[in-house]
Structures are given as structure tokens and as C-alpha cells.
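Have a look at the structure below before the remarks.
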Amino acid sequence: MFKGIRKKLFISHLGVAVVSLLTVTILVNLVMYYAFTKYLENQRMSAANNIVEELAFSYSSDNKWQVVSLMGISHRAMLQRIEIYLYDLEQRLIWDSSAATMMSSQAGHDLELSLDSPENLKFKMNLPVIKDGVTVGSVELITYSNPFHEPEQQFLTLFNKLLWMTIAFAGIGIYFFSRFIAGGISRPLIKIKDVALRLKDRDLSQRVTVLKNSDEIAEVGIALNYLAEALQTQEQLRKHLTADIAHELRTPLATIRSHIEAFQDGIWEPTPDKLQICHDQAMQLVHLINDLGELAAVENPMLKMHKQPLLLSQMIDEIVKSVHGLWSHKNISLQINIAPALIIHGDERRLKQVFVNLLINAHKYTLEGGKIIIKAMQERSGIVIEISDTGIGIEAAELPHIFERFYRGEKSRNRKAGGSGIGLAIVKAIVEAHGGTVSVKSQLHHGSQFSIYLPA
Ligand code: ADP
């Protein structure tokens with residue numbers, strides 16, 4: 001039999017069908033019962049009225065009631081299962097149809113026996129007999145009848161029988177219908193479950209095949225695929241990160257090690273030049289570790305930003321002064337175009353880090369005689385800060401990757417600019433932690449423009 005969803009669907013379908021069919025059965029029975037009872041009552045009333053009219057017709061003022069016509073009326077009444085007791089104005093019984101009919105034929109016996117049977121209902125009616133507006137007597141009519149006539153009874157029995165058969169057929173139909181529907185629902189769900197289990201076992205290449213008719217289940221499949229994609233990307237990033245860190249550590253460490261070994265073996269004297277090289281390499285490692293620590297901190301979703309209102313022009317002035325010392329002596333002009341009253345909301349130390357990184361890059365990748373422009377604009381929902389340079393630019397193919405950690409453009413690698421490829425990853429993480437976005441436009445050999453949007 002069914003299990004899980006199939007079982008639940010089968011039970012719910014069956015429940016709905018049985019309840020509806022039973023409701024119909026009860027309603028039909030009730031309607032039939034009341035409609036037929038009313039109908040029978042009307043029939044009895046019209047039969048009684050007919051008899052009273054006929055009795056009035058058979059009465060004549062001279063010889064009173066005509067026995068022959070009374071016999072005729074009684075006979076017809078008997079066929080309708082009606083007994084007639086006719087009384088005169090003094091309440092004396094002057095005609096008893098049952099006695100008359102009993103004497104007249106054997107059929108009357110049979111009829112009277114059957115009329116007395118217990119399942120028959122007995123109705124009594126007392127009506128006046130009126131001839132030409134004058135009451136000439138009264139009549140007691142006794143009618144016997146089944147609650148339902150035979151055909152109606154048969155109809156109801158057949159109807160009920162058919163309904164039970166319908167319920168049985170519906171049960172069988174619903175069994176197959178539920179199987180079909182539940183199969184349609186549970187099959188993709190089972191596939192999704194299988195994929196989720198394989199993902200759990202770290203088989204991250206697994207995906208759900210989503211059919212075109214997208215319902216909620218297909219959406220669950222799509223969501224799972226997204227999740228798998230994200231997990232796979234994260235997994236790859238993690239592997240690359242480890243490899244990248246190893247790679248970044250290897251070169252400076254190898255340099256330091258070879259120098260120290262040369263000093264130990266007496267091959268080299270520890271001259272200030274050689275010691276400076278060791279120091280530079282050690283500082284490169286220190287920067288790398290600091291950058292990685294900073295990135296890990298900013299990417300931590302639990303990190304609390306100490307946001308406060310900051311006067312942008314003042315902050316940029318301070319940053320420019322502080323990076324000036326880091327810039328090599330190149331003839332590069334700097335233009336700042338920021339409205340003095342512009343205020344941004346953010347973590348001062350972290351935002352300074354963003355602008356320092358962008359300005360150091362702009363300077364690093366701009367050639368002699370170039371220009372750096374810092375601009376800020378108030379937009380409706382926040383502030384946009386643009387840092388543009390007339391530097392070497394970035395190749396279109398490299399643009400999507402420059403915010404990845406450890407990504408270094410071909411040019412910067414060749415030029416041995418010294419960066420570790422983490423600067424822009426930190427920029428992106430800090431800006432996003434402020435609810436903002438960072439984007440870049442660049443043209444090779446013409447320059448780059450980094451735009452930061454910070455919400456108000
Ligand atoms: P790096 O330490 O190598 O500068 P970043 O993460 O700061 O690392 O930058 C990543 C890469 O983006 C750089 O290697 C360089 O190729 C490119 N890049 C960043 N800023 C600029 C710029 N202003 N002009 C040209 N290229 C840039």
C-alpha cells in the first residue's frame with residue numbers, strides 16, 4: 001500500500017469523495033422524503049375533495065342519498081384505499097363504505113386485509129358535505145397509504161444502491177488517481193532528497209534536473225541547485241585560498257631563508273643591503289597577514305560596524321595626506337571634487353581603508369604625468385564616490401575578477417607591483433558590510449573608474 005505523501009493524498013482524496021457522496025445521498029433522501037410526503041398529502045386532499053363533491057352530487061333533497069351512486073363512490077374510493085363513513089346532520093351513520101364493499105366483492109376482503117397491515121399509515125379526515133351552499137351531512141374519510149408509493153420507494157432504493165456502488169468505484173478511481181498525482185509530486189521530491197543527500201556527502205557536482213513547468217517543487221529544485229552551486233564555489237574558493245596563501249608565503253620565505261643560510265654558511269656578509277632585502281620580505285609577509293586578517297574580519301557576518309556620520313571632504317583630505325607618504329615620486333596630479341557639507345554614515349576606520357586601497361591602486365597603476373580624480377555626488381538614496389585615474393586600465397576579461405582575493409592582473413604581476421591581490425577584496429567586503437556596492441569601469445591604456453555607492 002501507500003506510504004508518506006502517497007498515503008496522505010489517497011486518504012484526503014478518498015475523504016473528500018466519501019464526504020461529498022454521503023452529503024449528496026443524505027440530501028437526496030431528505031428531499032425525496034419531504035417532497036413525496038407533501039405530494040401524497042396533496043393527493044389525499046384532492047381525492048377527499050373529489051369524494052365530498054361526488055357525495056354532494058349524489059344527494060338530492062327529495063330522496064336524500066342515492067344508494068346506487070354511493071355504491072359507485074365507495075367502489076372508486078376502495079380502489080384508492082379510502083373508507084367512507086357518511087353521517088347525517090344528526091351525526092347518525094348512514095353509509096359505511098367498508099361494509100358495503102365487503103358485501104359487494106371478495107376483492108374487498110383482500111384489500112381490507114392489506115390495508116390493516118402495520119406498515120400502512122392511517123389518515124383520518126372529517127369534512128362537511130355541502131350542497132348548494134347548505135350543509136347536508138358530514139363524512140369521515142380514512143385513507144391508508146405507504147409513506148412512499150412503490151415506484152418512489154424503488155427509485156430511492158435503486159438510487160441508494162447506485163450511490164454505494166459509486167462510492168466503491170470512486171474508491172478504486174481515487175486509488176489510481178492518487179497514485180498518479182502522488183507519483184507526480186513525490187518523484188521530483190525524491191530526486192531532490194537524493195541530490196541533497198549526495199551534497200551532504202560532499203558530492204557537490206550533483207544537480208536536480210528541473211522541468212520547464214515550474215511549480216513550487218521545481219522551485220525547491222532550483223533553490224537546491226543554487227545552494228549546490230554556492231557550496232561548490234565556496235569549496236573551490238577554500239581550496240584556492242589555501243593554495244594562494246601557500247604561494248604568497250613561499251616566495252618571501254624562500255628569499256629570507258636563502259639569505260639567512262648564506263649568512264650562516266659565511267657566503268654572504270649580513271650587509272645593510274642584504275638585511276634590507278630580508279626586512280622587505282618580512283614586511284611583505286606582515287602586510288599579507290594583516291590584509292588576510294582584515295579581510296576575514298570584514299567578511300565575518302557577525303562583525304559590528306561602528307557607524308557614525310562622517311564629513312566626507314575632511315575624511316578624504318586626511319586620507320590623501322596619509323597616503324602621500326606611501327606614493328612613489330611620480331608626477332601625478334590629484335583633483336578632489338567633493339561638496340564640503342557631504343556626510344556619509346559608516347565605520348570611519350574601515351571606510352578609510354577602502355579609500356586608501358583605491359588611492360594606492362590608482363597611484364600604482366597610473367603612469368608619470370597622469371591624473372587621479374576623486375568625486376562625490378549626493379544621490380536620492382545615498383552617496384556615490386568615484387575614484388578615477390588615467391592609468392594603464394584593466395582588460396575587459398579581467399574586470400569580473402579583480403575583486404576576488406589574490407587576483408592580480410597580468411600587467412601588475414609582470415610589473416611586480418608588489419600587491420598581493422587582496423586590496424580590492426577588502427574594499428568590496430567593507431562596502432558590502434555597509435550595505436553598499438562597488439563597481440568598476442575601465443578602458444585599457446586610458447584609465448579606470450571605481451564607483452562606491454553607500455546608502456544614506
Ligand atoms: P593588488 O595588490 O594586486 O593591487 P588589488 O586587489 O588591489 O590587488 O587589485 C587587483 C588587480 O586589479 C590588480 O592586480 C590590478 O591588475 C587591478 N587594478 C586594481 N586597481 C587598478 C587600477 N586603478 N588601474 C588598473 N588596474 C587596477
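Some notes on this structure:
- Between helix 423-433 and the chain: long-axis angle, C-alpha atoms, 0 to 90°, nearest 10: 40
- 0 to 90° range, to nearest 10: angle between helix 348-364 axis and the chain longest Cα axis: 60
- Helix 150-200 axis, angle to the chain major axis (alpha carbon atoms, nearest 10°): 10
- Surface calculation, 1.4 Å probe, protein heavy atoms: W327 sits at approximately 30 Å² accessible.
- Inter-label distance, nm, simple model (7 Å from Cα along the C-beta direction), E395/A254: 2.4
- Summed over the residues of the chain and divided among them, the accessible surface reaches 61 Å² per residue at a probe radius of 1.4 Å.
- When +1 charges are put on Lys and Arg Cβ atoms and -1 charges on Asp and Glu Cβ atoms, the dipole computed for the range 198-257 relative to its Cα centre reaches about 380 debye.
- CD proxy at 222 nm, helix term only [per DSSP H run n ≥ 4: -39500 (n - 2.57); per residue of the chain; nearest 500]: -20000 deg cm²/dmol
- Sequence-separation-based contact order of the chain, relative, with Cα cut under 8 Å and 6+ spacing, percent: 10
- In summary, the lysines within cross-link reach of K8, defined as a Cα separation below 21 angstrom excluding same-chain residues under 8 places away, comprise K191, K193.
- Eligible lysines near K124 by straight Cα distance, threshold 22 Å, same-chain separation 8 or greater: K38
- Given their separation in residues at 0.36 nm each and the Cα-Cα distance between them, Q314 and S451 gain 47.4 nm when the chain is fully extended.
- For V139, the residues whose amide H sits under 5 Å from its own are Y87, L127, V129, ignoring neighbours fewer than 5 places away on the same chain, with H placed 1.01 Å from N.
- Between Y39 and A246, the simple label model (points 7 Å from Cα in the Cβ direction) yields a spacing of 9.3 nm.
- Shape call, the range 297-444: gyration tensor on alpha carbons, a/c limit 1.5: oblate
- Of the cross-linked pairs K200/K428; K352/K428; K321/K352; K64/K122; K274/K321; K239/K304, those separated by over 23 Å at the C-alpha level are K200/K428; K64/K122; K274/K321; K239/K304.
- Of all accessible heavy-atom area on the range 223-332, the percent that carbon and sulfur account for (1.4 Å): 59
- You can think of it this way: the chain between K441 and F176 has 89.3 nm of extra reach, that is 0.36 nm per residue less the Cα-Cα gap.
- Between H306 and N337, the modelled label-to-label distance comes to 3.4 nm, taking each label 7 Å out from Cα in the direction of the beta carbon.
- Residues A223 and L367, FRET efficiency given R0 of 41 Å [Cβ-Cβ distance, rounded to 0.05]: 0.25
- Cα-based shape type of the range 275-382, given that a ≥ b ≥ c are square roots of the gyration tensor eigenvalues and the cut on a/c is 1.5: oblate
- Measuring with a 1.4 angstrom probe and ignoring ligands and nucleic acids, K38 comes out at about 120 Å² accessible.
- Residue-level accessible surface for I374, protein heavy atoms, 1.4 Å, Å²: 0
- Extension gain for the segment R238 to I267, taken as residue separation times 0.36 nm less the Cα-Cα distance, is 6.4 nm to one decimal.
- Karplus 3J(HN,Hα) series, Hz, for the range 27-37 with 6.51 cos²θ - 1.76 cosθ + 1.60 (x for Gly, Pro): 4, 4, 4, 5, 4, 4, 4, 6, 5, 6, 4
- Simple Cβ-charge dipole of the chain, Lys/Arg +1 and Asp/Glu -1, about Cα centre, in debye nearest 20: 1880
- Radius 12 Å from Cβ of N357, net charge of other residues (Lys, Arg +1; Asp, Glu -1): +2
The values are calculated or read from the model by the stated rules, or taken from the named source; none is laboratory data. It should be emphasised that the depicted structure is a prediction, and the values quoted were computed from it without experimental measurement. Neighbour counts run over all protein chains shown; Cβ positions are idealised from the backbone, glycine included. Each accessible area value is taken on the protein alone, full model and side chains, heavy atoms only, with ligands, DNA and RNA left out. Shrake-Rupley method; radii C 1.70, N 1.55, O 1.52, S 1.80 Å.
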